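Report on the structure given below.
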Amino acid sequence: FLFSKAEVCGDSTYTADGEGEQYEYFKDAANRVKRRGGSAHSWWLRSPYLGGSTHFWYVSSSGDVDRITASGSNGVSFGFCV
């Protein structure tokens, strides 16, 4: 599955109800940074930004959660329940 904004940063502002609770792993912002080839890259969250019709939430290359237009190019980070 893909992660929601609430599951990554613990904040559900401007997101749909029932997006989950923050995972312990993501409480450390350094764990939000995803690398490819040694460089940090941004990645999409599954949560739409409910304050506008063209934005989704994403995690920046520094690990911050923000919104950006859906036409942007970012990766994704998959999660698995074990």
Notebook entry, point to check: Net charge near L50, counting Lys/Arg +1 and Asp/Glu -1 over other residues with Cβ under 15 Å of its Cβ?
Noted result: -1
Margin query: Can you give the local net charge around D66? Use residues other than it whose beta-carbon is closer than 12 angstrom to its beta-carbon, Lys and Arg +1, Asp and Glu -1.
Written below: +1
Notebook entry, point to check: Top mean-square fluctuation among G18, G37, G51, Gaussian network model of the chain, C-alpha springs under 10 Å?
Noted result: G37
Margin query: In whole Hz and in residue order, list the ³J(HN,Hα) couplings for the stretch 36-52 that follow from phi through the Karplus curve 6.51 cos²θ - 1.76 cosθ + 1.60, θ = phi - 60°; x for Gly and Pro.
Written below: 9, x, x, 9, 6, 9, 6, 8, 6, 9, 7, 7, x, 7, 7, x, x
Margin query: Under a Cβ-only charge scheme (Lys and Arg +1, Asp and Glu -1), can you give me the dipole magnitude of the stretch 1-43 about the Cα centre, in debye to the nearest 20?
Written below: 420 debye
Check: Alpha carbon centre of the stretch 6-40 versus the stretch 41-82: separation in Å?
Finding: 9 Å
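If you place +1 on the Cβ of every Lys and Arg and -1 on the Cβ of every Asp and Glu, how big does the dipole about the Cα centre of the chain come out, in debye to the nearest 20? Please report the intermediate quantities before stating the final value.
Values: 8 positive and 9 negative charges, 83 e Å.
Computed charge dipole of the chain: roughly 400 debye.
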Margin query: Only Cα pairs within less than 10 Å get springs; with that Gaussian network setup on the chain, which residue of S47, S60, S39 has the largest fluctuation?
Written below: S39
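Hey, could you grab the Kirkwood Rh for the chain? Inverse mean 1/r over distinct alpha carbon pairs, Å, one decimal. Please list the in-between numbers first.
Values: mean 1/r = 0.0784 Å⁻¹.
Roughly 12.8 Å, rounded to one decimal.
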Notebook entry, point to check: Which one of G37, T15, F80 is farthest out on the positive end of the charge dipole of the chain, using unit charges on Cβ (Lys, Arg +1; Asp, Glu -1) and the Cα centre as origin?
Noted result: G37
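If you put +1 on each Lys and Arg Cβ and -1 on each Asp and Glu Cβ, how big is the dipole of the stretch 26-67 around its Cα centre, in Debye rounded to 20?
On the way: 7 positive and 3 negative charges, 35 e Å.
Here the size comes out at about 160 debye.
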Notebook entry, point to check: Taking amide H positions as placed 1.01 Å from N in the peptide plane, with prolines and chain starts having none, which residues 5 or more places from K34, or on another chain, fall under 5 Å of its amide H?
Noted result: H41
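Can you tell me the accessible area per residue over the chain, all protein chains present, probe 1.4 angstrom, in square angstrom?
Working: 5070 Å² over 82 residues.
That works out to 62 Å² for each residue.
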Check: Given a 1.4 Å probe and the protein chains all in place, what does the accessible area of T15 round to, in Å² to the nearest 10?
Finding: 10 Å²
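The values are calculated or read from the model by the stated rules, or taken from the named source; none is laboratory data. The model shown is predicted, which means the values in this text are computed figures rather than measured ones. With ideal geometry, Cβ positions are generated from the backbone for all residues, glycine too; neighbour counts draw on all protein chains shown. Please note that ligands, DNA and RNA were not included when accessible areas were found on the heavy atoms of the full protein model with its side chains. Shrake-Rupley method; radii C 1.70, N 1.55, O 1.52, S 1.80 Å.
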